[in-house]
Amino acid sequence: MCGIVGYVGAQDAAPILIEGLNRLEYRGYDSAGIAVIQRGQLKVRKVSGRVADLQADLPARFKGAPGIGHTRWATHGEPTVDNAHPHVDSAGRIAVVHNGIIENAEELRAKLQADGVEFTSQTDTETVAHLVAAAFRTGGAEDLEQAVRYALRQVVGAYGIAVVDTEHPDRIVVARNGSPVLLGIGEKEMFVASDVAALVGHTRQVVYLDDGELATITAGGYRTFTLDARSTAKTPSEVDWDVVGAEVGDHAHFLVKEIAEQPRSIERALRGRLDERFNTAHLGGLNLTVREAREFRRVKILGCGSACYAGDLGAQLIEDLARMPATSESASEFRYRNPVVEPDTLYVAVSQSGETVDTLAAVQELQRKGGRVIGIVNVVGSTIARQVDGGIYIHAGPEMSVAATKSFTSTVVAFALLAVHLGRMRDLAPTEGRRILDGLVALPGQIEQILDDEKRTGTIEAVAREIAQRPSVLFIGRRRGWPVAKEGAQKFKEVSYVHAEAYASAELKHGPLALVSPELPTVACVPDDDLHEKNVSTLAEIRARKGPVVALAHRELSAELADRTIVIPQSEPELDPILMSVPLQLLAYHAAVALERDVDRPRNLAKSVTVE
Ligand code: HGA
C-alpha cells in the first residue's frame, strides 16, 4: 500500500524521490510528501492528492539530501495535508515515513501528550517521530540507530519506516516489521524503498530486509542489525526488472496495456516448463521430491480478491486433472479461524505482489502448524516468495494497474501446469497431459484473436457503454464459469464503481432472480461444454422475466436467449476460463473509460495490500 522511498548521496534527493514516488503511486495515492535535509535544516513538502501535485508544488530551491518520500493510502486519519507523511517531531529535527499500522498508537499518543508533546495529525505514524525525538531527549540515545531502536521497542504493530535526523545528516535509518523495506546499492549513494519499482533506473543491486531488521544507510554503504543491536549478515540480490514494462507507452492506461500484454505474459509463464517428452509440466521451483508430491492427498489454495478467484479455478483444475480434492479460500478468513492444518495437504498461497498481508499471515500460521506451503507469486524476491517452501513465479512482469489482469490469467496458467504436474504423477494419461499442454500453448494466439476481434468490431466496448449506465450488473456462470463470473464482477465494480454481483447460475432461483427486471443486465458465461443446456435454461429463466442478457459464448446465441453475444475462441474445457476472463476485463475497462473513472487508480483502493 503506502509507498516509501529514500535517498542518501551526493545528488539532490528531491528529483529522485519524486521519480520513485511516481513509480510507487499505484500502491497508494491519496496524499504524498517528501522531506530533505538542507544545510542541517529539515524541509518538508506535503500535498493532499497526487504525486504530480506534489511535484508541481515543489520550489526549485527544494534541495539537499538525504531525503525520504511517501505516497499514502490512509488507515488513520483522512487524506489531508496534515496527515500526509513525512511526520516530524515538535522540534523539527526528526522526519519519518511509515507503511503499516501502529496498533498501540492511542496509548503511545496519550503517554506522549502527558509529557507535553503536541500532535499535528491524526495518524498513528506521528507517534514514531515523537518517540525517536524522545529517545534523544530522555531515553539516553546518542545516535539515530539507538533512537530508532528505542522508539520501536515501544511500538506494537506493523511497519516499514524510514527516518532522517538533522543531527545525523549523513544517514537514513530504516526498519521493517511486517511491511516490506529494501535497500538499493548505488555508486557512493544508497536508496531505500518499499518496492523495487522505485529503484528502476538507479540500481539492480538490492538487499531485502527481514522482519525485525533495521538498517543504517549512508552514501558509503549499509549496515543491518536487529532491535537489540545484533548485526545481521545480508547478501545483495540482483533485480531482473524490465524497465520498459513499467511504462505506459502508447496505451491510454496501464489497465488496457496489461490486458493487451496477456499473450506475452502467458508465454512467459509457460517458458521452459513444458515437458514434451513425458507430457507433463516441469516446475523446478516447487522444491518437492516426487515422493513428497505424491504423498499429498489434498490441496488447499489461499489468496485474496482476484488471487482467490484464480485459486477457485486452480482448485477445479487440480480436481479435474490430478483427481485430488482441492479447495480455495480467502486467506483473510482462513488466518483467523484456527484452521485444521493437515500434513498431507499441499497449501498454495497466491499473491501477485507477494506482499499481501492477509495471505502472508495465513502462510505464517500454516508454517507454525507444520503445513507445507508453496507460493504462486509474480514479484520475484517478495516477502511471500521468500517465506514459502517453494513455488511458481508467474513472470507476468510489472503490473501497475490496481485491477489485476495479466497476473490473474498467468496465475491460472500456473495452476494448470501444477495440475498437470500433480496429475501426471498420479493417474492422468499422457494423452490427457498432452491435450492440456497443447491447449496452453494455443492460448496466446487465441487471446490475440479476442483482442483483434474487439479492435475490428468494438462489440465489447459497445456493450460496456450500455451497461455502464445501469445501477447494477449481474455476472453468472456455472462450474468453471462461476469463478470467471466472480472475477468479472470484481473487475467491473472496482474500476467502474457500478455495483456488480456474481452468482453461480443455479443459485439465481434461490434469491437473486427476484432482482431480475429490464433494468438489471446479466452477463452470462455460456461455454460450449457439457453444461451448455443447463446454462441455456438459466438464460431462458432470465429472459422470461425480461432481463437483458449479454452472453459470453463460443457461438452466437439466438436473440431469444441473449441481446448480445460476445463470441470467443474455444480452448480445452479446463482452460476456457482463461479465455473467458479476457472479454470481461475489456468490459470493465471500457465501462470505466465511458464513466471517466480513474482507470488505473480506482478510488479507495491500492495495489499490494500490505495493511489489514
Ligand atoms: N497508518 C499510516 C500508514 C498507512 C499505510 O501504510 N497504508 O498502506 C497512515 O494512515 O498514514
Check your understanding: On full extension of the chain, what length is gained from residue 118 through residue 80, given 0.36 nm per residue of separation minus the C-alpha to C-alpha distance?
Key -> 11.9 nm
Check your understanding: For the residue pair residue 10 and residue 295, what label-to-label distance in nm results when each label sits 7 Å from Cα along the Cα-to-beta-carbon direction?
Key -> 5.8 nm
Review point. Over the Cα atoms of region 360-508, what Rg and Dmax result, in angstrom?
Key: 18.6, 54
Point to revise | Under the Karplus curve 6.51 cos²θ - 1.76 cosθ + 1.60, θ = phi - 60°, whole-Hz ³J(HN,Hα) for region 470-475, x wherever Gly or Pro sits | key: 8, x, 7, 9, 9, 10
Exercise for review: Would you give the gap between the C-alpha center of region 217-288 and the C-alpha center of region 135-178, rounded to a whole Å?
Suggested key: 31 Å
Practice item. Arrange the following residues from fewest to most other Cβ atoms within 10 Å of their Cβ: 136, 254, 408, 278. Key: 278, 136, 254, 408
Check your understanding: Which value in nm describes the separation of the simple spin-label points at residue 425 and residue 441, placed 7 Å from the Cα toward the beta carbon?
Key -> 2.5 nm
Revision key, fill the gap. For the residue 457, residue 546 Cβ pair and Förster radius 25 Å, calculated FRET efficiency rounded to 0.05 is 0.40
Revision key, fill the gap. Note on region 550-603: C-alpha Rg/Rh, Kirkwood Rh, two decimals, gives 1.08
Check your understanding: For region 1-131, what size does the Cα cloud have along each of its three principal axes, sorted from largest down, in whole Å?
Key -> 40, 32, 21
Review point. For region 229-307, what is the convex hull volume of its Cα atoms per residue in Å³?
Key: 267 Å³
Exercise for review: Normalising by the residue count of region 86-205, find the relative contact order in percent from Cα pairs under 8 Å and 6+ residues apart.
Suggested key: 24 percent
Practice item. Quote the charge dipole size of the chain about the Cα centre in Debye, to the nearest 20; the model charges only the Cβ of Lys and Arg (+1) and of Asp and Glu (-1). Key: 400 debye
**Study point:** Calculated Rg and Dmax of region 259-408 using C-alpha coordinates, Å
**Key:** 14.8, 44
Review point. Counting other C-beta atoms within 10 Å, which of 402, 357 has the fewest, and how do the rest follow?
Key: 402, 357
**Study point:** Coordinate range along principal axes, alpha carbons of the chain, Å, largest first
**Key:** 76, 55, 42
Revision key, fill the gap. Along region 421-427, Karplus-curve 3J(HN,Hα) (6.51, -1.76, 1.60; θ = phi - 60°) to the nearest Hz, with x for Gly and Pro, reads 4, 5, x, 5, 8, 10, 10
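Please give the length that would be gained between residue 287 and residue 111 if that part of the chain were fully extended, namely 0.36 nm times their separation in residues minus their C-alpha to C-alpha distance (nm, one decimal).
Computed gain between residue 287 and residue 111 is 58.4 nm.
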Exercise for review: For n ≥ 4 DSSP H runs only, could you compute -39500 (n - 2.57) per run for the chain, divide by its residues and tell me the 222 nm figure to the nearest 500?
Suggested key: -11000 deg cm²/dmol
Point to revise | Translational D in µm²/s for region 170-214 (Stokes-Einstein at 4 °C, 1.567 mPa s, Kirkwood Rh from C-alpha pairs) | key: 120 µm²/s
Practice item. Could you list 496, 90 in order of exposure, starting from the residue whose Cβ has the fewest other Cβ atoms within 10 Å? Key: 90, 496
Practice item. Kindly provide the pair-distance distribution of region 491-532 built from C-alpha pairs, with 10 Å bins from 0 and whole-percent values in order of increasing distance. Key: 21, 48, 29, 2
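Around residue 158, with a cut-off of 10 angstrom between Cβ atoms, what is the net charge of the other residues, counting Lys and Arg +1 and Asp and Glu -1?
Computed value for this residue: -2.
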Check your understanding: Residue by residue through region 75-92, which ³J(HN,Hα) values in whole Hz follow from phi under the Karplus form 6.51 cos²θ - 1.76 cosθ + 1.60 (θ = phi - 60°), with glycine and proline marked x?
Key -> 10, 10, x, 5, x, 9, 4, 4, 7, 5, 8, x, 9, 10, 6, 5, 8, x
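No lab work stands behind these numbers, since they all come straight from the coordinates. All of these numbers come straight from a predicted model, not from anything done at the bench. No Cβ is skipped: glycine too gets one built from the backbone with ideal geometry, and neighbour counts run over all protein chains shown.
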